[in-house]
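A short write-up of the structure that comes next.
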Amino acid sequence: MKYSPDALARLNDNPLYRTIGIRIDACADGVAHSTMTPRPEVCWPTPQPHGGILFTLMDTSMAFAALSTADEDSDCATVDCSIQYVAPAKQGPFTCRVATTRKTGRTVFVRAEIVDAMDEAVAFAQATFRIFNVRAASKD
């Protein structure tokens, strides 16, 4: 499944994403690309974003990559996510690149990296997502 420009615009209108500075740029067929220009409210006293903000960027981007492998009426939940911070996040904007590595049934495995404005690695992550049908889940 590919997210259309209109669908991406609706996603990016999310108040949380606007507050943090996240923008989903592209998402299709298990791959996602997003950017973040962190707002001062989510940074330390320096322009460096808090690690939890980087985690949110990765988890959000990986979730959309996982969802892009599913049917249209699907949603997902993070089952597990591991992140390694390999360098300070000092020079934004930051780019998150995501790729699905495997899908088995309703379980999707995803990897991501965040790079800074100099294309230097800031963080790596791998996660597992569970896909579920929204209509079926609402009956439970």
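The values are calculated or read from the model by the stated rules, or taken from the named source; none is laboratory data. Since the structure is predicted, the reported quantities are computational estimates derived from the model, not experimental observations. So basically every Cβ, Gly included, is an ideal-geometry build from the backbone, and we count neighbours across all protein chains shown. What goes into the accessible areas is simple: the full protein's heavy atoms, side chains included, and nothing from ligands, DNA or RNA. Shrake-Rupley method; radii C 1.70, N 1.55, O 1.52, S 1.80 Å.
Extending 7 Å from Cα along the Cβ direction at ASP75 and again at ALA7 yields two label points whose distance is 1.7 nm. Relative contact order of the chain, taken over Cα pairs closer than 8 Å and 6 or more residues apart, is 23 percent.
Less than 5 angstrom separates the built amide H of GLN91 from those of ALA117, all sequence-distant by 5 or more or on a different chain. Solvent-accessible surface of the chain, taken per residue with a 1.4 Å probe and all protein chains present: 55 Å². Mean-square fluctuations from a GNM of the chain, with a 10 angstrom spring cutoff on Cα atoms, peak among VAL31, VAL98, VAL86 at VAL86.
Computing FRET efficiency as 1/(1 + (r/R0)^6) for TYR85 and VAL134, where r is the C-beta to C-beta distance and R0 is 41 Å, gives about 0.80. A 1.4 Å probe, protein heavy atoms only, puts the accessible area of HIS50 near 90 Å².
Take the Cβ atoms of THR107 and ALA26, set R0 to 22 Å, and the FRET efficiency comes out at 0.40.
Note on the chain: Rg/Rh from Cα positions, Kirkwood definition for Rh, rounded to two decimals, is 0.98. Counting only protein heavy atoms and a probe of 1.4 Å, the accessible surface of the chain is 52% carbon and sulfur. Here r is the Cβ-Cβ distance between THR46 and MET118 and R0 is 22 Å; the resulting FRET efficiency, rounded to 0.05, is 0.85.
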